[in-house]
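Colleague: Before anything else, here's the structure in question.
The values are calculated or read from the model by the stated rules, or taken from the named source; none is laboratory data. Nothing here was measured: the structure is a model prediction, and the numbers come from that model. Positions of Cβ are backbone-derived with ideal geometry, glycine not excepted, and every protein chain shown enters the neighbour counts.
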């Protein structure tokens with residue numbers, strides 16, 4: 001009987017085949033996953049948040065998933081959550097809009113002629129590395145008739161906490177600018193409390209009727225934080241009614257962000273937002289404020305650059321916790337030009 005010989009395969013080829021096998025390839029820590037209606041941002045194989053192309057009248061981040069896979073923003077109105085209040089349907093998880101731009105309201109949702117919408121136009125880039133995953137997109141702020149009032153470049157990035165904790169860290173960066181071919185007239189941002197960068201926390205974290213607590217960088221608590229300037233605000237409490245311990249959502253303003261010393265529109269019912277423009281509505285708690293009027297005219301050829309960090313964390317922050325996290329964020333550099 002003829003003896004059959006096995007074909008010779010050089011060992012280097014075998015090694016290459018093994019190294020390239022999907023069974024042995026190491027998954028990258030931070031990943032993006034694109035879908036027809038969203039981009040998922042993933043850390044260590046777990047979803048942290050999804051950039052939703054459109055929810056109501058704007059793109060949003062939802063859900064926000066913190067340590068232990070805790071869902072850390074209000075589910076309504078994106079999901080049928082029977083245990084949550086049905087107030088303020090425009091409070092959608094995490095978003096960035098404003099109450100008056102050239103006379104149009106981009107904050108509230110409704111049918112009025114003055115209502116605007118922020119429209120997702122395209123994904124500019126998706127990036128992944130061992131320390132971050134990001135999606136950069138382009139938006140148009142449009143009137144009801146489709147007129148483009150403002151163009152926005154937006155970058156959302158899930159980044160490594162760099163401190164050995166299981167914090168989930170989301171950087172949110174925006175450039176607001178004149179649309180291409182605009183008239184050259186300044187864009188007017190009104191003096192309103194309704195804006196700008198915002199999160200709505202779960203019902204069980206509310207500071208008015210649940211066990212929630214609001215703390216700002218000046219040590220003020222709960223209702224006393226409304227209308228005050230601060231480097232950061234932390235909103236903490238139980239994310240479910242039967243939770244054993246507290247979780248927290250913190251928003252930090254970067255020192256290079258436009259209007260970083262602006263006031264906070266933070267409510268004990270679960271909303272907290274940084275407002276870099278409005279002044280007059282907040283004077284009741286800032287009677288000695290030097291500036292008595294807000295609003296801003298964005299000159300042609302210039303832009304408004306905003307940069308925030310959101311940290312989803314365990315327990316309640318102390319002042320020292322916030323100081324340490326803020327100092328680390330302040331050393332980072334904006335990514336959008």
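Colleague: Based on what the data block shows, is residue 207 part of a loop (DSSP other than H, G, I, E, B), buried (at least 19 other Cβ atoms within 10 Å of the Cβ) and on the phi < 0 side of the Ramachandran plot? If you could, list the steps in order and put the result at the bottom.
Modeller: Values: part of a loop (DSSP other than H, G, I, E, B): yes; buried (at least 19 other Cβ atoms within 10 Å of the Cβ): yes; on the phi < 0 side of the Ramachandran plot: yes.
Taking the combined requirement at face value, the residue satisfies it.
Colleague: If a residue must be under 30 Å from residue 297 (Cα atoms) and part of a strand (DSSP E or B), how many such residues does region 229-243 contain?
Modeller: Kept after step one, since they are under 30 Å from residue 297 (Cα atoms), are these residues of region 229-243: 229-233.
Next, from what is left, pick out any that are part of a strand (DSSP E or B): 229, 232-233.
Residues that pass the stated criteria total 3.
Colleague: Another one. Does any residue in region 149-162 that is modelled with pLDDT under 95 come within less than 6 Å, Cβ to Cβ, of a residue that is buried (at least 23 other Cβ atoms within 10 Å of the Cβ) and in a strand (DSSP E or B) six or more places away or on a different chain, and which pairs are these?
Modeller: What qualifies is 161/169.
Colleague: If I ask for residues that are without any contact (Cβ under 8 Å) to a residue 12 or more places away in the chain and assigned to a strand (DSSP E or B), which ones from region 214-228 would you list?
Modeller: Answer for region 214-228, where residues must be without any contact (Cβ under 8 Å) to a residue 12 or more places away in the chain and assigned to a strand (DSSP E or B): just 221.
Colleague: Also, I was wondering about something else. Any residue that is surrounded by fewer than 19 Cβ atoms within 10 Å (Cβ to Cβ), over 23 Å from the mean Cα position of the chain (by Cα) and modelled with pLDDT under 95 - is there at least one of those in region 211-224?
Modeller: Checking region 211-224: at least one residue is surrounded by fewer than 19 Cβ atoms within 10 Å (Cβ to Cβ), over 23 Å from the mean Cα position of the chain (by Cα) and modelled with pLDDT under 95.
Colleague: Then there is this: Wholly within region 28-140, which strands (runs of 3 or more DSSP E) include no fewer than the required count, namely at least 1 residues that are over 25 Å from residue 268 (Cβ atoms)?
Modeller: Details: elements: 30-34, 38-43, 46-55, 58-64, 94-98, 117-128.
Hits in region 28-140: 30-34, 38-43, 46-55, 58-64, 117-128.
Colleague: If residue 243 meets every condition in (1) modelled with pLDDT of 95 or more; (2) touching a helix residue (DSSP H, G or I) at 6+ places or on another chain (Cβ under 8 Å) apart from one, which number is that one?
Modeller: Only one criterion in (1) modelled with pLDDT of 95 or more; (2) touching a helix residue (DSSP H, G or I) at 6+ places or on another chain (Cβ under 8 Å) is unmet by residue 243, namely (1).
Colleague: Right, another one. Go through (1) surrounded by fewer than 21 Cβ atoms within 10 Å (Cβ to Cβ); (2) outside any strand (DSSP E or B); (3) touching a residue at least 60 places away in the same chain (Cβ under 8 Å) one by one and return the number of the condition residue 192 breaks.
Modeller: So the condition that residue 192 fails would be (1).
Colleague: Give the number of residues within region 309-332 that are in contact (Cβ under 8 Å) with a residue 60 or more places away in the chain, closer than 25 Å to residue 135 by Cβ and surrounded by fewer than 17 Cβ atoms within 10 Å (Cβ to Cβ).
Modeller: The qualifying residues number 3.
Colleague: With at pLDDT 95 or above, surrounded by fewer than 11 Cβ atoms within 10 Å (Cβ to Cβ) and at positive phi as the only criterion, which of 56, 45 stands out?
Modeller: Result: 45 is the single residue among 56, 45 that is at pLDDT 95 or above, surrounded by fewer than 11 Cβ atoms within 10 Å (Cβ to Cβ) and at positive phi.
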